[in-house]
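Taking it in order: structure first as structure tokens, then the write-up.
The values are calculated or read from the model by the stated rules, or taken from the named source; none is laboratory data. Every value quoted in this text rests on a predicted model; they were computed, and no experiment measured them. Please note: Cβ atoms are built from the backbone with ideal geometry, for glycine as well, and neighbour counts cover all protein chains shown. Just the protein is used for accessible areas: all its heavy atoms, side chains included, with ligands, DNA and RNA removed. Shrake-Rupley method; radii C 1.70, N 1.55, O 1.52, S 1.80 Å.
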Amino acid sequence: MKNVKMYTIYGIPNCDTVKKTLNWLESHQVKYDFHDYKKLGIDKEKLQTWCKQVGWETILNKKSATWRELGADVQVTIQTEAKAIQVMMANTSIIKRPVIEKNGKLLVVGFNEKQYGELF
């Protein structure tokens, strides 16, 4: 593989956006590790780090089926980073995918081919 940098891709393997991202990375010979939220979970410290870098509103996917399943009564209570992190730890499918990180720095949230072309 041409790229010696190591990236970590966070997501769930059956997500279409994650699949699209992994296919893009492989077709461009980008080396990465994959962190599966479903199998490995996500810790509070990692979510706090991401939230400090891009804001919890970027990480919490309010367009997801998981968000809709929470119900309006729960959704209305998520007004702070601490509450959002609590919900994301309990429902990893609500984290926007994929999250791409290198050396602890969040680089991209979601699929963005133009941004990928500039980064990798």
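Could you give every pair whose Cβ atoms fall below 8 Å, whose first residue belongs to the stretch 97-120 and is free of Cβ contacts under 8 Å to residues at least 60 places away in the same chain, and whose second residue is aliphatic (A, V, I, L, M) and open to solvent by 10 Å² or more (accessible area, probe 1.4 Å), counting only separations of at least 6 or pairs across chains?
As it stands, the answer is 106/54; 108/119; 109/54; 119/107, since those pairs meet every condition given.
Identify all residues within the stretch 53-93 that are open to solvent by 30 Å² or more (accessible area, probe 1.4 Å), in a helix (DSSP H, G or I) and in contact with a strand residue (DSSP E or B) (Cβ under 9 Å, 6 or more places away or on another chain); write none if there are none.
53, 54, 58
Quick test for you: out of 105, 96, pick the one residue that is within 13 Å of residue 11 (Cα to Cα), open to solvent by 10 Å² or more (accessible area, probe 1.4 Å) and of a type in the set (D, E, K, R).
Details: 105 fails: within 13 Å of residue 11 (Cα to Cα).
So the residue among 105, 96 that is within 13 Å of residue 11 (Cα to Cα), open to solvent by 10 Å² or more (accessible area, probe 1.4 Å) and of a type in the set (D, E, K, R) is 96.
Of everything in the stretch 18-49 that's among the basic types (Lys, Arg) and not in a loop (DSSP other than H, G, I, E, B), which residue is surrounded by the most Cβ atoms within 10 Å (Cβ to Cβ)? First the steps, then the outcome.
Quick first cut of the stretch 18-49, residues among the basic types (Lys, Arg) only: 19-20, 31, 38-39, 44, 46.
Pick out the ones that are also not in a loop (DSSP other than H, G, I, E, B) and you get 19-20, 38-39, 44, 46.
On the way: 19: 15, 20: 13, 38: 12, 39: 9, 44: 12, 46: 19.
Among those residues, the one meeting the criterion is 46.
Looking at the stretch 30-47, I want the residues that are over 17 Å from residue 105 (Cα atoms) and have a partner that is surrounded by 12 or more Cβ atoms within 10 Å (Cβ to Cβ) and β-branched (Val, Ile, Thr) with Cβ atoms under 7 Å, at least 6 apart or on another chain. Which pairs are those?
Close Cβ pairs (under 7 Å, with a partner that is surrounded by 12 or more Cβ atoms within 10 Å (Cβ to Cβ) and β-branched (Val, Ile, Thr)) amount to 36/12; 37/12; 37/92; 37/95; 38/12; 38/92; 41/92.
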